[in-house]
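Single-structure report; data block below.
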Amino acid sequence: MQVYARLRNLRIAPRKVRLVVNLIRGLSVDAALQQLAFNPKAASEPVMKLLKSAMANAEHNFHADVSTLRIAKITADAGQTLKRSRARAHGSSAPIRKRMSNVAIILSDESIADVHKSQGVGRRAQGVVKKEEETSKEESKKKSEKGTKAKGEKRVKKTHAPRPTPHAPIN
């Protein structure tokens, strides 16, 4: 079972919210609440409120046991941007972008691996996607056949002998 909650137009930039979101990704609900309670970031309070809302959704709508829930997925994406301007020299102006965030959370009582498989995340483990090592070996073979440098190789710089100065002292 998966429970979904979202927070839209949070007046904190997504880059700052992601710092908090990355701390609690994959944790149990109790551990995430503890982590957020003692985090000094401004984004931790609205994210905690969102987490409590998702817990209430699970309890009220699905009659789930809140102690078994884990954070399966949490994202902080860009929302709207307020565009303002600031006065600059010689009567010109510079733009100010006040960014907002959209935060979405999915709670689940399943293990994290099961959630990723249901969402199609573990495709590499299923053999659908080639591993990076195999693809890099294939690319290096193809490039070596062409005569160009392979991925990961460094280009060798040609060095020249230093030029003599035009008015070198005579010994």
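Converting phi to 3J(HN,Hα) with the Karplus coefficients 6.51, -1.76 and 1.60 and the offset θ = phi - 60°, segment 13-28 yields 4, x, 4, 6, 5, 4, 4, 6, 5, 5, 5, 9, 4, x, 7, 6 Hz in sequence order, with x at every glycine or proline.
Each Lys or Arg adds one and each Asp or Glu subtracts one; over the other residues with Cβ under 14 Å from the Cβ of Ala5, this totals +4. Overall dimensions of segment 36-91, expressed as equivalent-ellipsoid semi-axes from the Cα gyration tensor (√(5λ), whole Å, largest first), are 38, 14, 9. The orientation-averaged projected area of the convex hull spanned by the Cα atoms of segment 2-119 comes to 8.5 nm². Peptides 27-39, 75-87, 47-59 ranked from most to least packed give 47-59, 27-39, 75-87, packing being the mean of other C-beta atoms within 10 angstrom over each peptide's residues. What does the charge count near Asn102 come to, summing +1 for each Lys or Arg and -1 for each Asp or Glu among other residues with Cβ under 13 Å from its Cβ? With Lys, Arg at +1 and Asp, Glu at -1, the neighbours total +4.
Only the coordinates and a few stated rules stand behind these numbers; no lab work does. Treat the numbers as computed from the prediction; the structure is a model and nothing was measured. So basically every Cβ, Gly included, is an ideal-geometry build from the backbone, and we count neighbours across all protein chains shown.
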